[in-house]
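The values are calculated or read from the model by the stated rules, or taken from the named source; none is laboratory data. All values derive from a computational prediction rather than experimental measurement. For neighbour counting, all protein chains shown are included, and Cβ atoms are generated from backbone atoms with ideal geometry for every residue, glycine included. Just so you know, the surface numbers come from the protein's heavy atoms only, side chains and all, with ligands and any DNA or RNA stripped out. Shrake-Rupley method; radii C 1.70, N 1.55, O 1.52, S 1.80 Å.
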Amino acid sequence: MHYAIISDVHANLEALEAVLEDIRKRDLCKNILFLGDAVGYGANPNECIKLLKENSLILLAGNHDWAVLGLTDIEDFNPYAKTAIHWTMEVISEENKKTLSTFPISKSLKKDSIFLVHSTPKEPHKWHYLFSISDAEVNFKYFSERICLIAHSHQPFILERQADGRMQTHRERVKLRKDSRYIINVGSVGQPRDGDMRACYAILNDVSVELIRVEYDLEKTQKKMYDEGLPAFLIERLSKGM
Ligand code: ZN
């Protein structure tokens, strides 16, 4: 088992390209898992869907992908996200819509005992967030695999549940214990929100999991968003990673 796990690209082409380059250097480009939200917010939805499709072993859909397909109600989206969804609906190609519509919202990799989902193992279609230890306690009951890979909040973490039930949160890198179970949030490639503007993804192998940060051409991304008339709030928050 040796995977690069990416998520929440949100049509940020420069961030995706930088992450794919980093993955290529580590010789992992045939082992990419994508956890959803290819589109929404950014200026290059078509290019990002194409690249993700060409490069990923597994592709999931996120709530923004479903929003563009008309499969989820965007009433709960903030006004900036709504504007970006409407813009995306206008520019996305029919072919890419078809591609997005083939992505499931969760999947199990039985041979590695990994469950993949954009939001949470409990009711993945309701797009819950997993922020607290008590959220995690509940969600550990909703998958049987050893490791669950999630995203959605754009805030990466590694949560370990030891055999005796004790929970521990790790940052950056941890050695995996055979008798522990894990929920790992792989963060966001295209719109990090943990105070670090660099793109985020995760590498998982038999012995460890690591959260990786990658610099990308932020100014180029922001200029494209301005040129497309996307909301200033979405453009500026990229500089802060918030
Ligand atoms: Zn997202």
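Select from region 49-63 the residues that are touching a helix residue (DSSP H, G or I) at 6+ places or on another chain (Cβ under 7 Å) and within 15 Å of the ligand (Cβ to nearest atom) and write down the one among them that is nearest to HIS118 (Cα to Cα). Per the stated criteria, the residue is ALA61. Contact map, region 56-70: first residue closer than 23 Å to TYR3 by Cβ, second residue part of a helix (DSSP H, G or I) and away from the ligand (no atom under 15 Å from the Cβ), Cβ cut-off under 9 Å, separation 6 or more or different chains; pairs are LEU59/LYS53; LEU59/THR99; ALA61/SER101; ASP65/SER101.
Taking ARG213, is it away from the ligand (no atom under 16 Å from the Cβ) and either assigned to a loop (DSSP other than H, G, I, E, B) or not aromatic (Phe, Trp, Tyr) (or both)? When the stated conditions are applied, ARG213 passes them. Residue selection: PHE77 fails the criterion of being aromatic (Phe, Trp, Tyr) and modelled with pLDDT of 95 or more. Looking only at residues of region 1-48 that are in a loop (DSSP other than H, G, I, E, B) and surrounded by fewer than 24 Cβ atoms within 10 Å (Cβ to Cβ), we find that the one that is farthest from the ligand (Cβ to nearest atom) is ASP27. Reported count of residues in region 161-197, each being under 14 Å from the mean Cα position of the chain (by Cα) and open to solvent by 30 Å² or more (accessible area, probe 1.4 Å), is 2.
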